[in-house]
Amino acid sequence: MPQPEFSPKQDSVKVVTYNVNVSGSGAEEVAKYLRKEDADIVYLQETHDQWEEYLCRHLGKLYTHAYFHSSRGAGGIAFLSKYPLKKLKVIEPERGWFPALAASVDTEIGELQLLNVHLRPPLSDEASVTVSAYYQSPEIHQAELAGFLKHMDGDKPLIVSGDFNENTTKAGVQYLLERGFRDALSGFDTKSETWRWKVSPGIAISNRYDHVIYSKALHCTGAKVTHLGASDHEPVTAVLIKAE
């Protein structure tokens with residue numbers, strides 16, 4: 001497995017995706033992390049008005065361009081960017097619960113399309129844990145992603161990032177990989193999990209739900225999970241350059 005390069009000699013774009021949790025309890029730690037990580041573009045999930053106010057107040061000088069879309073429950077979604085955000089569009093899901101957020105940016109490596117997703121959790125319509133909901137979720141994720149991609153230009157570089165609520169072996173991620181996309185983290189780290197939930201004292205479940213997935217016009221020089229503990233999710237970082 002190659003060593004990650006987070007400061008390549010070529011022009012590059014650093015991306016972070018982070019489900020910050022709708023509770024907002026880790027706001028100070030999240031802001032400190034994002035300031036230190038100093039990514040060019042940040043994809044956020046589970047944001048709301050309080051997250052917007054706090055992050056814009058504490059990170060506004062670093063991220064002069066931001067867009068937050070509020071949605072019911074945990075459906076808020078946002079971009080923080082050092083580049084002007086163009087062609088902003090909220091895309092309601094054909095399946096699932098939460099909207100996606102699309103945009104484009106002009107960067108040192110050219111125009112990039114951004115698609116921020118928060119796919120449906122493996123829960124029933126009543127938001128309860130059931131066996132049928134667990135087994136139906138991969139098919140729902142695939143349908144969500146297929147619907148979102150209809151709104152993107154297939155001829156331009158695209159970075160799809162966010163909380164997929166599934167790991168790379170499941171149908172949603174596989175749907176993208178089968179269409180020529182690549183998963184940034186798997187090229188450098190195949191073990192780190194990005195989500196952990198305590199179900200009872202001393203017992204927790206975990207998985208690898210958060211991904212940076214990019215089209216073949218791009219190449220990833222480094223990717224990592226940062227174990228921060230400010231949310232039930234951990235942030236994923238990827239550095240991308242133009243593919244040769």
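Per-structure values
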item: Heavy-atom accessible surface of the chain: percent carbon and sulfur, 1.4 Å; result: 50
item: Nearby aspartates and glutamates by direct alpha-carbon distance to LYS198 (threshold 16 angstrom, same-chain neighbours under 8 apart not counted); result: ASP232, GLU234
item: Accessible surface, per residue, of segment 110-244 when the full set of protein chains is kept, probe 1.4 Å, Å²; result: 45
item: Solvent exposure ordering (accessible area, 1.4 Å, most first) of HIS227, HIS118, HIS65; result: HIS227, HIS65, HIS118
item: Lysine pair count for segment 1-103 [Cα-Cα under 28 Å; pairs on different chains or 8 or more apart]; result: 22
item: Rg and Dmax of segment 18-117, Cα atoms only, in Å; result: 13.1, 37
item: Selected from LEU59, ALA146, PRO122, residue furthest toward positive end of dipole (the chain; charges at beta carbon); result: LEU59
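The values are calculated or read from the model by the stated rules, or taken from the named source; none is laboratory data. Keep in mind it's a predicted model, so treat the numbers as computed, not measured. Using ideal geometry, Cβ is built from the backbone for each residue, glycine included, and neighbour counts are taken over all protein chains shown. Side chains are part of the model used for accessible areas, which takes the heavy atoms of the whole protein and leaves out ligands, DNA and RNA. Shrake-Rupley method; radii C 1.70, N 1.55, O 1.52, S 1.80 Å.
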